[in-house]
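Let me give you the structure first, and then I'll get to my questions.
The values are calculated or read from the model by the stated rules, or taken from the named source; none is laboratory data. These figures come from a predicted structure and were not determined experimentally. Glycine gets a Cβ as well: all are built from the backbone with ideal geometry, and neighbour counts include every protein chain shown. Protein only, heavy atoms only, side chains kept; ligands, DNA and RNA dropped before computing areas. Shrake-Rupley method; radii C 1.70, N 1.55, O 1.52, S 1.80 Å.
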Amino acid sequence: MDSQHWRATITAAQSGDRQALDELVAGWLPLVYNIVGRALNGHADVDDVVQETMLRAVDNLGSLRDPDSFRSWLVAIAMRQIRDRARRRTPDRLEEAAASDFAELTVLRLQLEGQRREVAEAARWLDDEDRQLLSLWWLEVAGELTRRELAAAVGITRQHAAVRVQRMKERLETSRGIVRALDGACPDLRELTGRWNGRPDSVWRKRLARHIRGCGYCGGTHETVVPAERLLVGIALVPLPVGFTLSLAFGGKTAVAATSAGWSAKLLGALTKPAVAMTAGATMVAGGAYVVTQPPDAPPPRAAVTPTATATSGPPPSAAPSPTPTPTPTPSPSAKRKADPYGTVVDAVDRAPDPDARPAALPRRPESGITSTGGPRAVMQHRGDSVTLSGRGYVLVRWQISPHARPGGVVMPTWTGLKGKLFHVASGGSRRMDDPLPGAPNGYATGMGGPDIGYAVLPPGTQQMWQNEYFYVDGTVTLTQNERGCDYGIAVSPSDWEAVDKDVNEGPDQGAIRYGLVRDTGTNSAPVPQYVTRATPADPATVPQRSRV
């Protein structure tokens, strides 16, 4: 997220700005819902705990001195509410059924399969304390939290957090083995579970784990077991259920009680003022009630793209190179027109060109030079890193994916705040990232990874990037690195026509394995990047694919 934007938003909300408060609620409620939902596994108290967490956050927003610590502060509030709820439980509520099993909800809403489904379902077998820690660690692995924030939320040091996480992961792996065994056909296990009521608990976890350790059938490994942290990278937050209602009016307080609790008169006026604001499928209505909606034309929630086939012996279809070019999807009607105005032509999934086919001629556009806030070579390795480019000329974006460090779904970099024009003019660097690497077994290892380390996986419909991608800027635009799943870095450098033309027309030193590809038409019908907007969104990672500028 853009920390500068959130800092300004939090400061405005502290001053009673209703729109800023709406944005805070819309932006952070899903994170709180996922933490509470997973920690309580969808128990009937989830809504109450989420409500109390957000109410306390709004109630005490004025006491937050450092806006940069808002996320850590909010997560700590959520964990306190979860622990308070556990202390308040009475014996008659211990057996209360979950309102909506969060493990099942995670599987269905995020369309998890294989070993990812197994991890989600294994959470049912953890004790309360481990499940609370899992709710934070899951988000840490997915790139939503840092280890520092995890430790602060639990109230321990980072060193102690590392020990706690390791122990929790060991119990999670044991639970994964139980889920796998229950899906099997062991006759002895069926006999053992004949007395089980079907509700996971610590007693049956120990019994089943003991059986698995001594059973040749259940204990046998039928496939490579991928570590949980590799399976969870890049998994999206579970969307809020449609109809979820959060009342922030006073949480049942009177105006006098709310004022005495520290609510400013300005904030009280904002919350009680009749208003309706649509934000990301949620409505803030009169009196501060936040209701999740889904307009009739809204698409269903889309799960983050993750390498579901990393546990198998072969590469996932979206990541591994194919011996034959993949067909190009039928372009949209707007892309078929020959005289499209600027901003309606977008990139599409393209065929891998013949390695020996020389590229078309590169049109020459006017150049006056590009200035970069990152200097002659800006290296962006972490989520939120950005560089602003201004002027008229060519820009090189050089990719470096590191699946050996962390595979998973790639959240693509985005171009935001565009003022002027931006075209995707050429691809080079001698290879596409899905080209087989020399000497790779079975041709499975590519710049996107391999079966031994996992794969970097592109979002559906994303054009395959090359080692070097070239763009033409006429105006000002900011490029943001949005890493949260797969580990990748990009280096951004001002370039010129001669350098682009030389790159795409020369193969690598060891031989012409691949020439480059020219995309520029020399006119406004040249493609624009898939992730581009003239706005400056709070979180550049949310820029929609194939956006119209």
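Under 7 Å by Cβ, and 6 or more places apart or on different chains, what pairs join a residue from segment 8-28 that is touching a residue at least 40 places away in the same chain (Cβ under 8 Å) and of a type in the set (Ser, Thr, Tyr) with one that is open to solvent by less than 20 Å² (accessible area, probe 1.4 Å) and in a helix (DSSP H, G or I)?
9/20; 9/24
Which one is nearest to residue 383 (Cα to Cα) among residues in segment 470-481 that are touching a Gly at 6+ places or on another chain (Cβ under 8 Å) and surrounded by 20 or more Cβ atoms within 10 Å (Cβ to Cβ)?
The residue in question is 481.
Is it fair to say residue 171 is open to solvent by 40 Å² or more (accessible area, probe 1.4 Å), in contact with an Asp or Glu (Cβ under 7 Å, 6 or more places away or on another chain) and in contact (Cβ under 8 Å) with a residue 60 or more places away in the chain? It would help to see each step written out before you state the result.
On the way: open to solvent by 40 Å² or more (accessible area, probe 1.4 Å): yes; in contact with an Asp or Glu (Cβ under 7 Å, 6 or more places away or on another chain): yes; in contact (Cβ under 8 Å) with a residue 60 or more places away in the chain: no.
So residue 171 does not fit the description; no.
Exactly one condition in (1) in a helix (DSSP H, G or I); (2) under 22 Å from residue 120 (Cα atoms); (3) at pLDDT 80 or above is not met by residue 231; state its number.
(3)
Still on this structure: (1) over 20 Å from residue 479 (Cα atoms); (2) open to solvent by less than 50 Å² (accessible area, probe 1.4 Å); (3) among the aliphatic types (A, V, I, L, M): which one isn't true of residue 405, the others all being true?
So residue 405 meets the others, but not (2).
Continuing with this model, one more query. Looking at residue 509 and the list (1) modelled with pLDDT of 90 or more; (2) under 15 Å from residue 429 (Cβ atoms); (3) not basic (Lys, Arg), which single condition is not satisfied?
That leaves (1) as the condition not met.
Shifting gears a bit: Considering only segment 10-45, state which residues are in contact with a Leu (Cβ under 6 Å, 6 or more places away or on another chain), open to solvent by less than 10 Å² (accessible area, probe 1.4 Å) and in a helix (DSSP H, G or I).
13, 34
One line per residue, one yes/no per condition, for (1) modelled with pLDDT of 85 or more; (2) touching a Pro at 6+ places or on another chain (Cβ under 9 Å):
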residue: 110; (1), (2): no, yes
residue: 115; (1), (2): no, no
residue: 137; (1), (2): yes, no
residue: 158; (1), (2): yes, no
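Could you please let me know if residue 491 is in contact with a helix residue (DSSP H, G or I) (Cβ under 6 Å, 6 or more places away or on another chain) and surrounded by fewer than 19 Cβ atoms within 10 Å (Cβ to Cβ)? Working first, answer last.
Details: in contact with a helix residue (DSSP H, G or I) (Cβ under 6 Å, 6 or more places away or on another chain): no; surrounded by fewer than 19 Cβ atoms within 10 Å (Cβ to Cβ): yes.
No; evaluated as a whole, the condition is false for this residue.
Identify, please: which residue in segment 174-220 is open to solvent by 80 Å² or more (accessible area, probe 1.4 Å) and not in a helix (DSSP H, G or I) and is, among those, nearest to residue 132 (Cα to Cα)?
It comes out as 199.
Pairs needed: first member in segment 210-224, within 13 Å of residue 182 (Cβ to Cβ); second member anywhere, at pLDDT below 80 and part of a loop (DSSP other than H, G, I, E, B); C-beta distance under 9 Å; at least 6 residues apart or different chains.
Partner pairs satisfying both residue conditions: 217/184; 217/185; 218/184.
Kindly establish whether residue 154 is at pLDDT below 85 and of a type in the set (A, V, I, L, M, F, W, C).
Numbers: at pLDDT below 85: no; of a type in the set (A, V, I, L, M, F, W, C): yes.
Spelling it out, it is not the case that residue 154 is at pLDDT below 85 and of a type in the set (A, V, I, L, M, F, W, C).
Could you list, ordered by first residue, the pairs with Cβ atoms under 6 Å in which the first is in segment 457-470 and over 19 Å from residue 499 (Cα atoms) and the second is part of a strand (DSSP E or B) and among the charged types (D, E, K, R), at least 6 apart or interchain?
464/432
Please verify whether segment 450-466 includes one or more residues that are assigned to a strand (DSSP E or B), at pLDDT 90 or above and crowded, with 21+ Cβ neighbours inside 10 Å. Please lay out each step first, then the result.
Pass one, segment 450-466, residues assigned to a strand (DSSP E or B): 450, 454-457, 466.
Imposing the further condition that a residue be at pLDDT 90 or above reduces the set to 466.
Applying the additional criterion that residues be crowded, with 21+ Cβ neighbours inside 10 Å yields 466.
Taking every residue of segment 450-466 in turn, at least one turns out to be assigned to a strand (DSSP E or B), at pLDDT 90 or above and crowded, with 21+ Cβ neighbours inside 10 Å.
Report, by residue number, each residue of segment 139-157 that is closer than 19 Å to residue 484 by Cα and of a type in the set (A, V, I, L, M, F, W, C).
Quick first cut of segment 139-157, residues closer than 19 Å to residue 484 by Cα only: 139-150.
Selection gives 139, 141, 142, 145, 150.
Quick check on residue 428: is it assigned to a strand (DSSP E or B), more than 24 Å from residue 544 (Cβ to Cβ) and open to solvent by less than 30 Å² (accessible area, probe 1.4 Å)? Steps first, answer last, please.
Numbers: assigned to a strand (DSSP E or B): yes; more than 24 Å from residue 544 (Cβ to Cβ): yes; open to solvent by less than 30 Å² (accessible area, probe 1.4 Å): yes.
Yes, satisfied.
Follow-up. Could you grab the pairs with beta carbons closer than 7 Å, sequence gap of 6+ or different chains, first residue in segment 415-428 and farther than 10 Å from residue 529 by Cα, second one at pLDDT below 95 and acidic (Asp, Glu)?
426/520; 428/503
In segment 65-82, how many residues are over 15 Å from residue 150 (Cα atoms) and either assigned to a helix (DSSP H, G or I) or touching a helix residue (DSSP H, G or I) at 6+ places or on another chain (Cβ under 6 Å) (or both)? Steps first, please.
Residues of segment 65-82 over 15 Å from residue 150 (Cα atoms): 65-68, 81.
Now drop any that are not either assigned to a helix (DSSP H, G or I) or touching a helix residue (DSSP H, G or I) at 6+ places or on another chain (Cβ under 6 Å) (or both), which leaves 67-68, 81.
Adding up the residues that qualify gives 3.
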